[in-house]
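What follows is calculated from the coordinates using simple rules that are stated; it is not laboratory data. All values reported here derive from a predicted model rather than from experimental measurement. For neighbour counting, all protein chains shown are included, and Cβ atoms are generated from backbone atoms with ideal geometry for every residue, glycine included.
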Amino acid sequence: MDFDDALARLLGLLDPGDPPSAPGRRRVLLGIAGAPGAGKTTLAERLVSAVQEDGRFRAAHVPMDGFHLADAALDRLGRRDRKGAIDTFDGWGYRALLQRLRDRRDEPVYAPGFERVLEQPIAGSIAVGPEVDLVVSEGNYLLVDAQPWRAAADLFDEVWFSTAPVELLRERLVARHIAFGKSPSEAAAWVDAVDLPNAALIEPTRERADAVITTA
């Protein structure tokens with residue numbers, strides 16, 4: 001599936017035949033899973049922008065990255081040296097947010113964001129108002145067949161898988177880590193020790209996706 005196909009599919013989910021303002025109409029939740037560097041955030045932002053430009057619906061981007069455990073918590077757990085691994089996220093907290101986004105359409109829902117420069121979650125930094133028809137949320141582990149991720153995935157209308165060749169993943173990830181302060185050697189070492197093993201865990205979960213989209 002390319003981007004145009006993805007947008008058409010998403011607009012179909014948003015337009016079941018009744019107007020966006022119809023009483024009791026469900027908000028659409030779309031998940032995008034995939035390995036680090038697979039283009040999930042770029043895809044999510046492009047979809048949100050395209051839906052807004054369509055003019056019929058309001059959309060918001062709520063990344064799973066806001067549920068990174070803070071460095072202080074990772075230090076207590078002894079996990080800071082592999083930040084980004086599956087057990088360095090508050091998965092149940094993420095699942096609870098998705099439930100609120102699903103159920104509480106009559107009031108604002110505030111979600112945490114993630115500050116890349118600080119590499120820390122920022123509480124309450126994303127507001128999703130009652131007018132929002134679509135929430136797009138991306139994260140590495142949305143299709144992992146274990147709790148709490150299985151429970152979280154059940155709250156999405158669909159979960160797609162974003163994929164890219166391993167060589168491109170590595171190139172993007174090294175460049176990202178350098179951009180946010182690591183030396184080239186530190187960046188390469190982190191990608192090889194943390195990011196690519198995480199990618200190897202994530203890749204087989206594509207079999208559970210409702211659709212696969214290639215970002216390169």
The chain: spread of alpha-carbon positions along the three principal axes, whole Å, largest first, is 54, 36, 30
For the R56, S125 Cβ pair and Förster radius 25 Å, calculated FRET efficiency rounded to 0.05 is 0.35
The set of residues whose placed amide H lies less than 5 Å from the amide H of R104, leaving out same-chain residues fewer than 5 positions away, is none
Sorted by chain and then number, the residues having a modelled amide H within less than 5 Å of the amide H of F89, at least 5 places away or on another chain, are L69
Calc'd 3J(HN,Hα), region 32-37, phi into Karplus 6.51 cos²θ - 1.76 cosθ + 1.60 (θ = phi - 60°), Hz, glycine/Pro = x, comes to 10, 9, x, 6, x, x
Karplus ³J(HN,Hα) for region 89-94 (6.51 cos²θ - 1.76 cosθ + 1.60, θ = phi - 60°; Hz, whole; x = Gly/Pro) runs 10, 8, x, 5, x, 4
For the chain, whose charge dipole is built from +1 on Lys and Arg Cβ atoms and -1 on Asp and Glu Cβ atoms, the candidate among A8, W92, L134 with its Cα farthest towards the positive end is W92
Along region 199-212, Karplus-curve 3J(HN,Hα) (6.51, -1.76, 1.60; θ = phi - 60°) to the nearest Hz, with x for Gly and Pro, reads 4, 5, 5, 7, 3, x, 6, 4, 5, 8, 6, 6, 7, 10
Looks like region 92-169, by Cα gyration tensor root eigenvalues a ≥ b ≥ c and the a/c under 1.5 rounded cutoff (else prolate when a/b is bigger than b/c, oblate otherwise), is oblate
The chain, Gaussian network, Cα under 10 Å: of V174, V28, V194, the residue fluctuating most is V194
Spelling it out for D133: with amide H atoms placed in the peptide plane at 1.01 Å from N, the residues 5 or more places away or on another chain with amide H under 5 Å from its amide H are R58, A59
Expected unfolding gain across S183-A72 under the 0.36 nm per residue rule, minus the alpha-carbon gap, is 37.6 nm
Taking the chain and counting helices only, DSSP H stretches of n ≥ 4 at -39,500 (n - 2.57) each over all residues, the nearest-500 ellipticity at 222 nm comes to -11000 deg cm²/dmol
Per-residue Cβ contact counts at 10 Å, fewest first, order W190, W92, W149 as W92, W190, W149
Note on region 3-214: contact order normalised by length, alpha-carbon pairs under 8 Å, 6 or more apart, percent, works out to 31
